[in-house]
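Enquirer: The structure follows.
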Amino acid sequence: MNTPTMIKKLTLGGLVLALCLVTHAEDSAFRPIFNGKDLTGWYGLNPHTVVKLEGEKKAETLKKMRDEFAKDWKVENGELVNDGHGPYATTEEEFGDIEFLIEYKTVAGADSGIYLRGSPQVQIWDKSQIFDPAKPTRRPHLGSGGLFNNTPDTPGRDPLVVADKPMGEWNSFRIRQIGARTWVWLNDKLVVDGNVMENYWDKTQPLPAKGPIMLQTHGGEIRWRNLQVREFGAEEAKKILTEADAKE
């Protein structure tokens, strides 16, 4: 083999190796936040029931929800399962700028969601529900993934496209939260494109810098699996926001 050919092959091999290392690094950056075996790292909380409570009454209610968590949540076949009742599954860990992967499967009439930094929510619907003109801001027929607790008719409040799979099949979310801005892909389709998630608890303020991930339960069985998080450093988060701003 002549020297130029050898150099070319070595260079190509180095590029392939570098690409593999980068890909592996990105893959390994995700880490599970549910172990598939038990409820370790999670507790029960419905923030709506305690937001106006104080002192001893609040402490008692918070303890009761923690104690009752395992009554309505269980682990089955590596899946986190809720029977449609009880407090929301809440991470002990708090998160800031992240990319979050999660799969879910639910039942007809579903109404659930994912809270980011403890604030509602990336919405989950049964898209076959019929639109009720008497409730004009409730739009399940537009599909899941929208920021339902934002002000109606603002960007991101309803999803860009209907991306839900038929009822009974697994759906996958990829959610990116940087600052107050949210991106949502449902089944690999972009449904929210970097829109601001309003702070439900105080709309005059942005989302808090950090908070728990919460899985809402709302009257029907829902199953979750493959929960993984990747955290963004400050430079990467800034780069993503700069690129998003340049597209606008």
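Enquirer: For GLY96, all conditions in the list (1) within 29 Å of ALA209 (Cα to Cα); (2) without any contact (Cβ under 8 Å) to a residue 40 or more places away in the chain hold save one; what is the number of the exception?
Expert: For GLY96, the exception is condition (2).
Enquirer: Here's another thing I want to ask about it. Looking at the range 99-116 only, could you name the residues that are assigned to a strand (DSSP E or B), hydrophobic (A, V, I, L, M, F, W, C) and surrounded by fewer than 20 Cβ atoms within 10 Å (Cβ to Cβ)?
Expert: LEU101
Enquirer: Which of (1) more than 17 Å from the chain's Cα centre (by Cα); (2) in contact (Cβ under 8 Å) with a residue 24 or more places away in the chain does VAL50 not meet, given it meets every other one?
Expert: (2)
Enquirer: Same structure, new question: Give the number of residues within the range 209-220 that are at pLDDT 95 or above and either more than 23 Å from TRP125 (Cβ to Cβ) or not polar (S, T, N, Q) (or both).
Expert: The total comes to 7.
Enquirer: Residues that are closer than 19 Å to MET214 by Cα, touching a residue at least 40 places away in the same chain (Cβ under 8 Å), buried (at least 18 other Cβ atoms within 10 Å of the Cβ) and of a type outside the set (Lys, Arg): does the range 124-143 have at least one?
Expert: yes
Enquirer: While we're here: Quick one: is MET214 of a type in the set (A, V, I, L, M, F, W, C) and under 21 Å from GLU79 (Cα atoms)?
Expert: yes
Enquirer: Same structure, new question: Could you tell me which numbered condition TRP183 fails, if it satisfies all but one of (1) out of contact with any Lys or Arg (no Cβ under 6 Å at 6 or more places or on another chain); (2) closer than 21 Å to ALA237 by Cα; (3) without any contact (Cβ under 8 Å) to a residue 40 or more places away in the chain?
Expert: TRP183 satisfies every listed condition except (1).
The values are calculated or read from the model by the stated rules, or taken from the named source; none is laboratory data. Given the structure is predicted, the values throughout are model-derived calculations rather than measurements. Ideal geometry is used to build each Cβ from the backbone, glycine not excepted, and the neighbour counts take in all protein chains shown.
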